[in-house]
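To start, the structure under review is shown below, and the notes come after it.
Every number here is computed from the coordinates shown, using simple stated rules; none is lab data. As the structure is a prediction and not an experimental result, all values here were calculated from the model. Here the Cβ is made from the backbone with ideal geometry for all residues, glycine too, and neighbour counts use every protein chain on show.
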Amino acid sequence: MRLRTLPVSVAGVIMAIGYNISTGTLKCLPVLLCLAFAVLCQIASNFANEYYDYKAGRDRVGREGPRRGVTEGDIAPRAMKFAIFAVLAAAALIGLSLTCWGGLWLIAAGILIGVGALAYSTGPWPLSTHCLGEVAVIIFFGIIPVNLTYYVQALQWSPAVAAGSLALGLMGANVLIVNNYRDIDDDKAVGKHTLATVFGRKAMLALYIFNTIAASLLTLSQWYAKGPMWTIVPSLYTVFSIQIAFSMRHAEGARLTPFLGKTAILMLAYSICFLIMEAVA
């Protein structure tokens, strides 16, 4: 399940809760269903990544990072394949229930999300092997969850929510940047094309810092509108994230894995602070 990165899917829903609180549209049941749906979709995507990378020969025994169960022989490929579609089915059932609030058009959105969970690792053009992993994260862990969670409760769209969703997507992309930065040698060895293998480590650190600053600026006015003191949150997020980027320069291999969790936790903390601000300010 790759627990270190699950905060990425949780953060999007929490950020949306903050927006719903600010507009007085918070509804407890649909938001809990959105949370379960988001987490299950990420788990299904992680399972699919393990299975399809194994099938395509993109994983190898002893690779850096968390142990890959299928590649290392801990999990039977057939069992992992079953797990992928069992989790997706559970997510689909939850997603269908959300049509009671958001309308039947959500079925199309759910199909898109389900396909995206698989298309990251498989299909005729796997996103993760064509330098589109970060773009996929921005869309599926930022733009879609924040906007749809907000819409299901408020039944309207908002430019502020759109800006926040893009900011959170950029933060999520940083999680993948750390992952691919760590795996650059393994990915090159199996011919996997990521932004990291194509542009190198220095470019990825620069992109990490760019995403950090862009994400903070996208919502800075929203923090400031609640009182100048609240701008300390995006400021601290920026400082801590840049510190991570500079620390990554002096680490390699498994020593980079903790930065994966730290980046995800910073994203989650940012969204929680946003929720608190909307609730009390």
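Just want to confirm a number: the relative contact order over the range 127-271, from Cα pairs under 8 angstrom separated by 6+ residues, in percent.
Normalised by residue count, the contact order of the range 127-271 is 26 percent.
Given the DSSP H assignment, sum -39500 (n - 2.57) over each helix run of at least 4 residues in the chain and divide by its residue total; what's the result at 222 nm in deg cm²/dmol, nearest 500?
When only DSSP H runs of four or more count, the value is -23500 deg cm²/dmol.
Quick check: Cα centre of the range 48-104 to Cα centre of the range 180-197, how many Å?
After rounding, the separation between the Cα centres reads 21 Å.
Where the only charges are on Cβ atoms (+1 Lys, Arg; -1 Asp, Glu), what is the dipole of the chain about its Cα centre, to the nearest 20 debye?
That gives the chain a dipole magnitude of about 240 debye.
Using Cα pairs under 8 angstrom and six or more residues apart, how large is the relative contact order of the chain, in percent?
27
Could you sort the peptides 160-168, 91-99, 241-249 by per-residue average Cβ neighbour count (10 Å cutoff), highest mean leading?
By packing density, highest mean first, the sequence is 160-168, 91-99, 241-249.
Along the positive direction of the dipole of the range 120-277 (beta-carbon charges: Lys, Arg +1; Asp, Glu -1; about the Cα centre), which of 208, 166, 140 reaches farthest?
208
For a quick size check, give me the Cα extents of the range 195-248 along its three principal axes, largest first, whole Å.
If we take the Cα atoms of the range 195-248, the spans are 42, 19, 8 Å.
May I ask you to derive the FRET efficiency for residue 189 and residue 281 from their Cβ-Cβ distance with R0 = 51 Å, giving the value to the nearest 0.05?
Approximately 0.50, to the nearest 0.05.
Work out the charge dipole of the range 1-116 with +1 on the Cβ of Lys and Arg and -1 on the Cβ of Asp and Glu about the Cα centre, then indicate which of 13, 105, 116 is farthest towards its positive end.
Result: 116, furthest along the dipole toward the positive end.
If I stretch the segment between residue 224 and residue 157 completely, what's the gain in nm (0.36 nm per residue apart, minus their alpha carbon distance), one decimal?
Additional length available on full extension: 21.9 nm.
Would you mind calculating the relative contact order of the range 1-95 from Cα pairs under 8 angstrom and at least 6 residues apart, reporting the percent as a whole number?
Once normalised by length, the contact order is 35 percent.
Given Cβ point charges of +1 (Lys, Arg) and -1 (Asp, Glu) and nothing else, what value in debye, to the nearest 20, does the dipole of the range 1-142 about its Cα centre take?
The calculated dipole for the range 1-142 is roughly 160 debye.
For the chain, return all DSSP H helices satisfying: extent of Cα atoms along own axis at least 18 Å; mean Kyte-Doolittle hydropathy at least -0.5.
Span-like helices here: 7-23, 28-55, 77-97, 106-119, 159-182, 201-225, 232-248, 257-280.
What shape does the chain take by its C-alpha gyration tensor, where a ≥ b ≥ c are the square roots of the eigenvalues and a/c under 1.5 counts as rounded, a/b above b/c as prolate, and the rest as oblate?
Oblate is the answer for the chain, as a/c is 1.5 or above yet b/c matches or exceeds a/b.
Based on the alpha-carbon gyration tensor of the range 66-209 and its eigenvalue square roots a ≥ b ≥ c, which shape applies: rounded if a/c is under 1.5, prolate if not and a/b is larger than b/c, or oblate?
Oblate, because a/c is 1.5 or more while a/b does not exceed b/c.
For residue 252 and residue 115, what does the FRET efficiency come to when R0 = 35 Å and r is the distance between their Cβ atoms, rounded to the nearest 0.05?
E(calc), rounded to 0.05, equals 0.50.
Could you check the spin-label model distance between residue 89 and residue 76? Points 7 Å from the Cα along Cα→Cβ, value in nm.
With each label placed 7 Å out from Cα toward Cβ, I get 1.7 nm.
Suppose every K and R has +1 on its Cβ and every D and E has -1 on its Cβ; what is the size of the dipole of the range 161-201 about the Cα centre, in Debye to the nearest 20?
80
Count the lysine pairs in the chain whose Cα atoms lie under 22 Å apart, taking only pairs 8 or more positions apart in sequence or on different chains.
Total qualifying Lys-Lys pairs in the chain comes to 7.
Rounded, prolate or oblate: which one fits the range 17-95, using the alpha carbon gyration tensor with axes a ≥ b ≥ c (rounded when a/c is under 1.5, else prolate when a/b beats b/c, else oblate)?
prolate
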